[in-house]
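Right, one structure below, let's go through it.
The values are calculated or read from the model by the stated rules, or taken from the named source; none is laboratory data. Bear in mind that the values here come from a model prediction, so they are computed numbers and not experimental data. Cβ placement follows ideal geometry from the backbone for every residue including glycine, while neighbour counts extend to all protein chains displayed.
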Amino acid sequence: MSAYPIPDNEAERQAALDEQHILDKESDEDFNRITRLASQMLGVPTALISLVDRQRQWFLSRVGLEASETPRELAFCAHAICSDDVMVVNDATEDARFKDNPLVTGNPRIRFYAGAPLRTRSGFNLGTLCVISPQPRQLAGNEHQLLQDLAGMVIQHMESRRNGYLCPLTGLKNRRPFFDAGRREFQRARQNGEALTLMLFGLDNFHGFCTPFGQPQGDRVLQEVARQLQTDFGESACYGRVTEDKFAVLRTGLVDQQATGLAESFRSGLVLHGSVVNGVRHPLPLSSGVATLDTNDIEFMDLFRRAEAALSQARLSGTGAPG
């Protein structure tokens with residue numbers, strides 16, 4: 001069995017796959033519908049949406065196969081992503097690349113394989129939509145185009161899903177994916193006995209700011225806050241835009257006073273800097289609330305509610321400072 005090829009743009013391709021935020025996530029009915037269609041329309045027992053990760057291929061959706069992933073060195077799809085055309089193997093036992101592959105010599109005893117690359121708009125092949133049969137065969141008639149069309153539907157849905165994952169304006173996680181990440185971090189911190197801190201930052205009277213200056217200027221303010229958050233709190237933090245005018249930062253390893261000090265430093269710095277409109281600097285009122293993981297917290301929402309209560313108290317106090 002020959003070693004699998006590495007695409008010339010592998011580093012960029014892998015980064016594009018990571019940016020989809022879809023690996024190891026549950027499939028949804030739109031993906032499953034496509035694999036069922038591929039299986040039925042091409043008359044084969046197995047159809048897969050395969051994403052080629054660093055050392056494995058992982059199946060986003062599968063019909064006719066129990067395994068959820070295989071090592072990359074066994075993956076037919078690791079070869080298919082190196083071309084922009086459909087890769088067809090009529091009989092794997094007669095193909096030097098695959099005849100000794102354990103997936104050919106053993107279960108599921110692959111003979112026929114056809115894989116259409118999942119190519120993003122930016123030109124990266126993330127994986128394939130592939131069909132497999134234990135019987136040798138060929139693609140006939142319009143089956144080649146059919147597989148390509150179905151692969152196009154997969155990538156269209158995948159990119160639409162990604163756009164729902166990230167805020168298109170700020171690039172931060174939207175509310176739902178931020179909460180998903182928060183739940184995972186909460187469980188990990190609990191298991192490892194680590195400190196976990198949630199900081200919320202809310203723009204006070206954001207609509208009042210947008211009224212005289214316009215929504216485009218308001219959008220620039222939101223983008224500026226998001227950029228500054230990532231600059232000040234670093235790559236290790238998890239960020240989210242959880243409401244129109246509220247941002248969240250989740251950090252491990254911070255104790256109470258340290259977290260409060262960092263939150264106040266960020267808040268006061270942004271307030272002092274303000275926002276420049278038409279050459280004039282205008283104040284940018286911002287409030288913050290901080291909560292650190294407590295033994296009484298049962299789930300991530302407990303931590304979030306306490307941070308939200310602290311933010312509300314800071315707004316009521318008129319200082320904006322974290323509680």
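Listing for the model above:
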{"read-out": "Single unsatisfied condition, ALA15 versus (1) modelled with pLDDT of 90 or more; (2) not assigned by TED's automatic domain parsing to the domain that holds GLU73", "value": "(2)"}
{"read-out": "Among the residues listed as ASP91, ASP95, the single one being of a type in the set (D, E, K, R), in contact with a strand residue (DSSP E or B) (Cβ under 9 Å, 6 or more places away or on another chain) and without any contact (Cβ under 8 Å) to a residue 12 or more places away in the chain", "value": "ASP95"}
{"read-out": "Residue among ALA181, ALA140 that alone is surrounded by fewer than 20 Cβ atoms within 10 Å (Cβ to Cβ), in the same structural domain as THR243 (by TED's automatic domain parsing) and of a type in the set (A, V, I, L, M)", "value": "ALA181"}
{"read-out": "Residue list for segment 277-291, restricted to those being surrounded by 13 or more Cβ atoms within 10 Å (Cβ to Cβ), more than 14 Å from ALA248 (Cβ to Cβ) and touching a strand residue (DSSP E or B) at 6+ places or on another chain (Cβ under 8 Å)", "value": "HIS282, LEU284, PRO285"}
{"read-out": "Strands (runs of 3 or more DSSP E) contained in segment 1-77 and holding at least 2 residues surrounded by 13 or more Cβ atoms within 10 Å (Cβ to Cβ), free of Cβ contacts under 8 Å to residues at least 40 places away in the same chain and charged (D, E, K, R)", "value": "56-63"}
{"read-out": "Filtered residues of segment 225-254 (kept if at pLDDT below 90 and in contact with a helix residue (DSSP H, G or I) (Cβ under 9 Å, 6 or more places away or on another chain))", "value": "LEU254"}
{"read-out": "Selection within segment 192-219 - surrounded by fewer than 19 Cβ atoms within 10 Å (Cβ to Cβ) and under 24 Å from the mean Cα position of the chain (by Cα)", "value": "ASP219"}
{"read-out": "Segment 91-135, residues that are among the basic types (Lys, Arg) and in a strand (DSSP E or B)", "value": "ARG119"}
{"read-out": "Residues of segment 131-175 classified as without any contact (Cβ under 8 Å) to a residue 12 or more places away in the chain, more than 12 Å from the chain's Cα centre (by Cα) and closer than 26 Å to GLU29 by Cβ, total", "value": "6"}
